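Input: a single structure, listed below in structure tokens.
The values are calculated or read from the model by the stated rules, or taken from the named source; none is laboratory data. Source: prediction; values computed, not measured. As a convention, Cβ positions derive from the backbone with ideal geometry for all residues, glycine included, and neighbour counts pool all protein chains shown.
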Amino acid sequence: MLDERTHTPAIIGEAVAGRTATVRERIKTLSAAVEANTFELGELFYEAQENGYPQKWGYQSLGEYAVVELGIKHRKAQYLSHIVRVTKACGIQRRDYQPAGVTKLRAICSLDPDSSYFNTETKQHEDMAEHITALVAVAPELDTKEVEERVAHLKGLDGDNAMLTKSYSVTKSAYENTVKPALEAMRKILGSKGRDGTGAAMEYSDGACLEFICRDWLNDPSNYMEEADESHVQIEVENEVDKTDTGIQVPSE
């Protein structure tokens, strides 16, 4: 009699290999018409990323696999996978989130389902997953700007904390030799700001680095010149004069 325990790992290995091949072939087929198959691709990207399929296919990441083998941009593969990750964490089915559309879902799924929202009116922390679920449900009836505003509010990035985009021009030389090195140096000092849904380390943005650079400059007393002490300087005051009706100025007594 065959010992089932001896053959179980082999059977499981064959099943995994079979599924890996099936997913790869299905992704390749769907990628020929990305826009029409966006959400099914997203689910397969998510499965591939969660189970490390790209590494088994000889790639370092899902993004690299998407670019090299499918001609799909790295970020697109990542955000499609991330949409599925967040909606699954909230228990939202594809039939329920698909009507919202990719653009709105990208904004909504930038929220962390494992975090909470502090309601300043009730002074209570509320489950972010519930807010994500509610927002996905109404998203088809909202325009993209309204969705982004609600997401910003849930992140606490409205009012004085609202994000601003500013544009400045510098020469290529100034950027390469001054601005870029300063941003990279600050990024090294700050380190990682956490990890994304895939477990990859997240870096601080250029905007965040610029804020810290400016903060450090403002906090350094050596960057301020002391005002000159002019208390010893005598100020001469001209004699007051009176004007006659003839317009001639005469000294006042």
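Is it the case that residue 102 is surrounded by 15 or more Cβ atoms within 10 Å (Cβ to Cβ) and touching a Cys at 6+ places or on another chain (Cβ under 8 Å)? It is false that residue 102 is surrounded by 15 or more Cβ atoms within 10 Å (Cβ to Cβ) and touching a Cys at 6+ places or on another chain (Cβ under 8 Å).
Condition test on residue 193, is it surrounded by 10 or more Cβ atoms within 10 Å (Cβ to Cβ), assigned by TED's automatic domain parsing to the domain that holds residue 78 and not polar (S, T, N, Q)? Taking the combined requirement at face value, the residue does not satisfy it. Applying a threshold of 6 Å to beta carbon distances and a minimum spacing of six or more residues, or different chains, the list of pairs starting in region 119-133 at a residue that is without any contact (Cβ under 8 Å) to a residue 40 or more places away in the chain and ending at one that is part of a strand (DSSP E or B) and of a type in the set (D, E, K, R) reads 119/126. Given the structure, is residue 74 farther than 14 Å from residue 136 by Cα, buried (at least 19 other Cβ atoms within 10 Å of the Cβ) and either under 21 Å from the mean Cα position of the chain (by Cα) or among the polar types (S, T, N, Q) (or both)? Against the criterion (farther than 14 Å from residue 136 by Cα, buried (at least 19 other Cβ atoms within 10 Å of the Cβ) and either under 21 Å from the mean Cα position of the chain (by Cα) or among the polar types (S, T, N, Q) (or both)), residue 74 does not qualify. In region 152-164, the residues that are exposed (fewer than 13 other Cβ atoms within 10 Å of the Cβ) and at pLDDT 95 or above form no Cβ pair under 7 Å with any partner that is of a type outside the set (Val, Ile, Thr) and not in a loop (DSSP other than H, G, I, E, B), whether six or more places apart or across chains.
Applying the condition of being polar (S, T, N, Q) and part of a loop (DSSP other than H, G, I, E, B) to region 174-223 and asking which residue is modelled with the lowest pLDDT yields 198. Looking across region 48-74, just one residue is more than 17 Å from residue 37 (Cα to Cα) and among the basic types (Lys, Arg), and that is 56.
Taken over region 1-30, the criterion of being at pLDDT 90 or above and of a type in the set (Ser, Thr, Tyr) is satisfied by 20, 22, 29.
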